[in-house]
1. What is the helix-to-structure angle for 821-833, meaning the angle in degrees between its Cα long axis and the longest Cα principal axis of the chain, kept from 0 to 90 and rounded to the nearest 10?
2. Distance from the Cα centre of region 220-270 to that of region 408-484, in angstrom?
3. Could you calculate the FRET efficiency of LYS482 with TYR881 from 1/(1 + (r/R0)^6), where r is the beta carbon distance between them and R0 is 51 Å, rounded to 0.05?
4. Short version: what are the Cα gyration tensor semi-axes of region 575-719, square root of 5 times each eigenvalue, largest first, in whole Å?
5. With the Cα gyration tensor of region 138-267 giving a ≥ b ≥ c as the square roots of its eigenvalues, does the rule (a/c under 1.5 for rounded; else a/b larger than b/c for prolate; else oblate) give rounded, prolate or oblate?
6. If each of ALA805 and LYS263 carries a label point 7 Å out from its Cα toward its Cβ, how far apart are those two points in nm?
7. Take every DSSP beta bridge whose two residues both sit in the chain, then give the antiparallel share in percent to the nearest 5.
8. I need the phi-derived Karplus couplings for region 196-206: 6.51 cos²θ - 1.76 cosθ + 1.60, θ = phi - 60°, integer Hz, Gly and Pro marked x.
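The values are calculated or read from the model by the stated rules, or taken from the named source; none is laboratory data. Fair warning: this is a prediction, and the values are worked out from it, not measured in the lab. So basically every Cβ, Gly included, is an ideal-geometry build from the backbone, and we count neighbours across all protein chains shown. The accessibility values were calculated without ligands, DNA or RNA, using every heavy atom of the protein model including side chains. Shrake-Rupley method; radii C 1.70, N 1.55, O 1.52, S 1.80 Å.
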Amino acid sequence: MRSLAVASPLPPAAAAVAARRRPRAASSFGREVGSQCWKYDLGQDRSLGGSLRPVSRKFAQTTFDKFAQTSSAISVEQDEVNTYLPKGDMWSVHKFGGTCMGTPQRIQSVADIVLGDSSERKLVIVSAMSKVTDMMYNLVHKAQSRDDSYTISLEEIFEKHMAAAKDLLDGEDLARFLSQLHSDVSNLRAMLRAIYIAGHATESFSDFVVGHGELWSAQMLSYAIKKSGAPCSWMDTREVLVVKPSGSNQVDPDYLESEKRLKKWFSRQPADIVVATGFIATTAENIPTTLKRDGSDFSAAIIGSLVRARQVTIWTDVDGVFSADPRKVSEAVILSTLSYQEAWEMSYFGANVLHPRTIIPVMKDNIPIVIRNMFNISAPGTMICRQPTNDNGDLDACVKSFATIDNLALVNVEGTGMAGVPGTSSAIFSAVKDVGANVIMISQASSEHSICFAVPEQEVAAVSAALHVRFREALAAGRLSKVEVINGCSILAAVGLRMASTPGVSAILFDALAKANINVRAIAQGCSEYNITVVLKQEDCVRALRAVHSRFFLSKTTLAVGIIGPGLIGGTLLNQLKDQASVLKENMNIDLRVIGITGSSRMLLSDTGIDLTQWKELLRKEGEPADLANFVRHLSDNHVFPNKVLVDCTADTSVASHYYDWLKKGIHVITPNKKANSGPLDRYLKLRTLQRASYTHYFYEATVGAGLPIISTLRGLLETGDKILRIEGIFSGTLSYIFNNFEGTKTFSNVVAEAKEAGYTEPDPRDDLSGTDVARKVIILARESGLRLELSNIPVKSLVPEALASCSSADEFMQKLPSFDEDWAKQRSEAEAAGEVLRYVGVVDAVNKEGQVELRRYKKDHPFAQLSGSDNIIAFTTSRYKEQPLIVRGPGAGAEVTAGGVFCDILRLASYLGAPS
């Protein structure tokens with residue numbers, strides 16, 4: 001019986017391999033577990049397992065020393081005759097990840113790609129087959145947890161690779177591979193049995209186990225390439241790559257020793273194609289180790305540097321590096337080029353680009369890295385090189401990409417006693433280091449009054465406790481006021497080499513965040529200006545990412561829309577949105593998504609957008625009971641879209657009363673509903689103050705003049721310094737139609753009936769004839785002009801005969817209205833005799849700070865007498881337009897023009913949010 005005494009991290013299987021190479025090598029080695037050393041006795045057949053028994057520490061150490069000397073002799077006993085290693089552009093390096101090596105068919109595709117490369121020499125770095133590394137780690141975990149099922153899991157791994165080899169290879173190559181696979185699995189079974197009995201595995205034991213996935217995939221690929229007739233060697237990079245532990249679960253390559261070993265390896269096995277294992281390496285003491293998780297990229301970069309390769313190509317399952325995570329930003333674009341620094345920053349901030357340390361080896365030799373998609377070879381990919389030269393230098397090209405890190409906490413240390421006190425920062429971060437926490441970002445006020453930094457959320461409790469202990473006296477004395485923890489944070493980083501010394505980048509970034517109503521908790525920017533980092537609430541992270549990406553990459557300005565009131569105006573608006581959606585996307589980069597429609601009884605909700613071609617049917621069949629609070633919550637809680645707007649197409653006072661709360665939530669509001677702006681003055685002023693103090697927009701152009709630009713014209717006059725003297729106009733399309741047609745032999749009641757039949761009036765014409773609607777428009781314009789008037793301050797001449805005001809229904813009113821035709825005929829005759837016409841007008845007298853609504857007579861050559869149909873007309877008399885008023889005229893009633901006015905406000909909002917004008 002032979003035995004292995006475990007005295008160091010060197011795995012039993014490694015000793016067995018060495019013993020086969022050197023018959024006189026030690027046949028046992030020791031391992032210390034706790035305070036006890038153990039000896040593992042192997043049976044005659046290593047696949048049968050063995051037994052573990054305790055031995056003395058001295059025996060274990062002596063045995064290990066003998067083995068170490070022997071294995072060291074093995075490593076240095078090389079052929080010294082020829083150590084020439086060709087270097088330079090003749091080499092191209094390819095790295096294929098686990099997904100690329102996931103099946104026999106994919107391994108064959110990898111072989112075809114390698115054979116299709118016209119480079120003189122090729123070095124191919126491979127990962128284990130997909131999921132195998134996780135399976136190997138799970139083996140170790142089960143074994144040291146004394147879970148017997150590790151034997152079943154090992155058998156599954158064996159079967160997976162045996163099946164792949166049988167599908168891929170044949171003949172002598174298949175037999176050779178299966179023989180090696182059987183041998184390796186037998187050794188692993190013995191080692192895992194030892195781990196199982198000891199209940200413990202060191203890091204190097206674990207590394208040795210998990211590295212087998214790469215050994216097997218490299219061998220299979222090399223045989224697949226040989227099968228095509230091309231000479232090919234495979235390399236166990238533990239014979240070449242030498243690394244030194246550097247703390248924090250990282251290793252540093254020993255380039256000099258690695259190059260020396262690579263030369264010796266190549267002198268024994270020169271080949272034009274070399275398939276090498278990624279991820280695994282060895283220490284200077286020849287103990288197997290790894291380059292840690294996702295280290296195959298790092299392996300490729302190191303080997304590429306050693307041979308001074310022309311290029312390192314990282315093959316993956318995406319077309320290249322995206323400008324943002326495409327799972328969060330559907331409009332993310334593939335970047336054609338990145339600088340080394342940009343790729344470095346992106347990988348640090350969590351972007352799925354490369355292993356964070358991959359850049360270092362190739363950067364010093366100016367070797368470009370190309371990220372390509374194995375499953376879409378036609379895609380050119382993304383090149384990472386010293387300095388991309390194809391950027392056009394404009395502002396949008398300054399920011400290359402955006403990355404995010406979630407599940408962070410912000411720690412804020414604050415106090416007046418920190419200012420000017422040397423060593424405070426050192427003490428803070430020394431305490432953080434002592435608990436092993438990783439500081440992601442640091443920000444300090446120039447006054448030194450506070451320092452804040454971000455750490456992973458799972459580490460913040462330990463950090464907070466350590467800081468409270470370290471600064472107990474300072475907190476008690478008041479020199480520090482608090483150590484505050486803010487949970488639920490994310491980091492958003494904008495990365496770009498050209499941000500340096502380019503004015504306006506930060507301004508645009510923060511403007512985009514502000515317009516999406518996103519609050520920034522902390523900011524950091526290094527003097528190199530490669531990145532700008534902001535900390536914000538995690539719940540806002542995706543919305544923030546979409547908002548800033550949209551601004552810099554001119555992707556579609558996406559606006560989530562909630563429609564309240566799908567009646568005449570709201571329904572017309574929905575149809576207009578449906579008809580124009582594709583044009584807006586193509587020509588204006590505006591993507592309008594209606595994610596909610598609610599009426600008084602039913603509502604329809606969607607997370608990504610309602611199909612507007614069948615919204616009526618969907619509302620009827622799939623709608624749920626209407627609940628305005630839930631409707632607003634659905635819009636507010638949607639984190640997919642950065643910008644949200646509620647469009648109130650009702651005339652409901654209770655709906656209008658919610659505008660303030662919606663704006664406060666960061667939801668924009670657009671409406672033709674006049675109730676909010678003509679309601680109580682204090683509520684109106686509060687609403688406007690909030691709107692002006694934030695980046696949340698409140699548009700209501702259609703409250704006056706339907707689709708006519710009345711509000712915007714008035715604002716333009718005021719904002720350019722003009723002074724309003726008087727606003728006079730025919731504001732009601734209904735009343736305009738009635739008096740435009742009240743001529744000849746027509747009676748007043750007949751004209752009202754015609755207007756009602758044509759749909760110009762409300763269901764009850766008294767709502768129009770009362771003049772209240774005109775009064776509301778007068779109040780809105782008066783308040784826009786700076787007058788603080790209440791609706792009750794406006795005298796209104798009602799056109800409803802006093803005797804008919806109490807009619808119980810509209811039908812009753814219409815039946816009794818003809819009895820007053822004679823009075824109306826008399827007023828018309830008197831006006832005609834004087835060469836005048838009757839017009840119902842509203843007036844804002846800014847000089848006297850008053851308003852009124854009444855029936856007036858105008859000469860037939862007056863602009864107000866020239867109207868037809870339901871046209872509105874408004875005359876602005878100002879300091880600039882004193883002699884000749886500024887007149888706005890056009891259709892002022894009807895669902896089409898009113899919905900069109902609301903639509904214009906939606907597009908105006910999109911423009912404010914970054915859509916091209």
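1. Helix 821-833 sits at roughly 80 degrees to that axis.
2. For region 220-270 versus region 408-484, the Cα centre distance is 45 Å.
3. With a Förster radius of 51 Å, E is 0.30.
4. They are 26, 19, 15 Å, listed from largest to smallest.
5. oblate
6. 10.8
7. The antiparallel proportion sits near 65 percent.
8. 4, 5, 6, x, 7, 9, 6, 4, 6, 4, 4
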